[in-house]
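Notes to accompany the following structure.
Every number in this text was worked out from the coordinates using simple rules, so none of it is lab data. These numbers were taken from a predicted model, which means no experiment stands behind them. Here Cβ is always computed from backbone atoms with ideal geometry, including for glycine, and neighbour counts include all displayed protein chains.
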Amino acid sequence: MASNEIKNFGIIGWPLGHTLSPKMYLAAFKTAGFPNYNYSTFPVQKGRLLLVVDGIKGLDLRGVNVTIPHKTAIMRHLDAVDADARIIGAVNTVVNDGGMLTGYNTDVTGFLASLAEANFMPEDCNAVILGAGGAARAILWGLCKRKAGYITIGARNAEKAQKLAEEFSQYGNIGGHDWNAEEFKEVLQTADILINTTPLGMYPNVDEMPPVSLELLPEGALVYDVIYNPAKTKFLEKAEELGFPTLNGMTMLLLQGKESFRLFTGEIPDIDIMRRVLKQELKVK
Ligand code: NAP
């Protein structure tokens, strides 16, 4: 419901650099009839997290988004953490209900909604994830929730990939490999979806890409890169050249923002406005 009330929101992280969140949320707040909702950037270094959590309460911020390097560290300072965020081990959204701080992970919602938008049904699929960091954990949990048939994690650090696979093995059929190993190449040949969750190819290192042979993928496999800047990474460019359908990280970013907006305000935002802002900022047509 529209309101002239003042409420404050923001994003904490380090380094924050140029974040797309303020423009995206402010446009959505305005359109939803909240002209006095503010959204600020708070660059916060590692050692100051406890002060910041007190600050959220002290300043009565209604909600914050959380990004690198605080997504995991903030959890122990919150009053409650929702089930998805607890399993993933990371919070990207905090809601303040009168001094009670609850953490959520909307990356998983955003990821699954992005698959739905691309008409990709994850149930029973063979999924391959590149990388074993924070984004990989959210995506892995999303695929487990939707009962993917088999999930393979490929990373430069085989031990990390195997450890992550083991940790989530209670939720699905998961394997972890060195992405240069022969058995990983075999897995690629039956993949329905290949998802890059590493920062390889992200601005300004736009000439990089994960060292996997896209040629090995079966026809029609969806090639997904969670990077959104640039909109078309070298990884996606190569996949397109080979005729594969592709998806970049902008839809996931947009749809995790949609879910955070819902948690912040209790309302569904105008997604077209948010998409338009992101496209403008990312210079996408
Ligand atoms: P993270 O926790 O640091 O994990 C990064 C992963 O990539 C790790 O497995 C890391 O391997 C691997 N990696 C990093 N540099 C590498 C390199 N040079 N060669 C090979 N592997 C490398 O980061 P994150 O939070 O998962 O974020 C990863 C990417 O996802 C970023 O580009 C971020 O912007 C994007 N992202 C997008 C969305 C979205 O909504 N679209 C949401 C979240 C994240 P090691 O463990 O061996 O270091």
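Residues I88, I6: which one is in contact (Cβ under 8 Å) with a residue 12 or more places away in the chain and in contact with a helix residue (DSSP H, G or I) (Cβ under 6 Å, 6 or more places away or on another chain)?
Testing whether each residue is in contact (Cβ under 8 Å) with a residue 12 or more places away in the chain and in contact with a helix residue (DSSP H, G or I) (Cβ under 6 Å, 6 or more places away or on another chain) leaves just I88.
Can you tell me how many residues in the range 161-190 are surrounded by 14 or more Cβ atoms within 10 Å (Cβ to Cβ), within 22 Å of A239 (Cβ to Cβ) and among the small types (G, A, S)?
1
Here's a check for you: in the range 98-114, which residue that is more than 11 Å from the ligand (Cβ to nearest atom) and free of Cβ contacts under 8 Å to residues at least 40 places away in the same chain is surrounded by the most Cβ atoms within 10 Å (Cβ to Cβ)?
Per the stated criteria, the residue is G103.
Of S169, S114, which residue is of a type in the set (S, T, Y) and within 28 Å of I11 (Cα to Cα)?
Criteria check complete, one pass: S114.
Go through the range 119-142 and give me each residue that's surrounded by fewer than 20 Cβ atoms within 10 Å (Cβ to Cβ) and under 16 Å from the mean Cα position of the chain (by Cα).
Within the range 119-142, G133 is the sole residue that qualifies.
Scan the range 145-156 for residues that are out of contact with any helix residue (DSSP H, G or I) (no Cβ under 9 Å at 6 or more places or on another chain) and either touching a residue at least 60 places away in the same chain (Cβ under 8 Å) or more than 17 Å from V108 (Cα to Cα) (or both) and report the count.
Total meeting the criteria: 2.
Without any contact (Cβ under 8 Å) to a residue 40 or more places away in the chain, more than 16 Å from the ligand (Cβ to nearest atom) and within 14 Å of F9 (Cβ to Cβ): does that describe V44?
Details: without any contact (Cβ under 8 Å) to a residue 40 or more places away in the chain: yes; more than 16 Å from the ligand (Cβ to nearest atom): yes; within 14 Å of F9 (Cβ to Cβ): no.
When the stated conditions are applied, V44 does not pass them.
Within the range 116-144, track down each residue that is touching a residue at least 60 places away in the same chain (Cβ under 8 Å) and away from the ligand (no atom under 12 Å from the Cβ).
E117, A118, F120, P122, C125, N126, A127, V128
Do we find a residue being of a type in the set (V, I, T), within 16 Å of the ligand (Cβ to nearest atom) and over 20 Å from the mean Cα position of the chain (by Cα) anywhere in the range 146-155?
The answer is no; no qualifying residue exists.
It is to be established whether one or more residues within the range 83-97 are away from the ligand (no atom under 11 Å from the Cβ), under 16 Å from the mean Cα position of the chain (by Cα) and surrounded by fewer than 19 Cβ atoms within 10 Å (Cβ to Cβ).
Checking the range 83-97: at least one residue is away from the ligand (no atom under 11 Å from the Cβ), under 16 Å from the mean Cα position of the chain (by Cα) and surrounded by fewer than 19 Cβ atoms within 10 Å (Cβ to Cβ).
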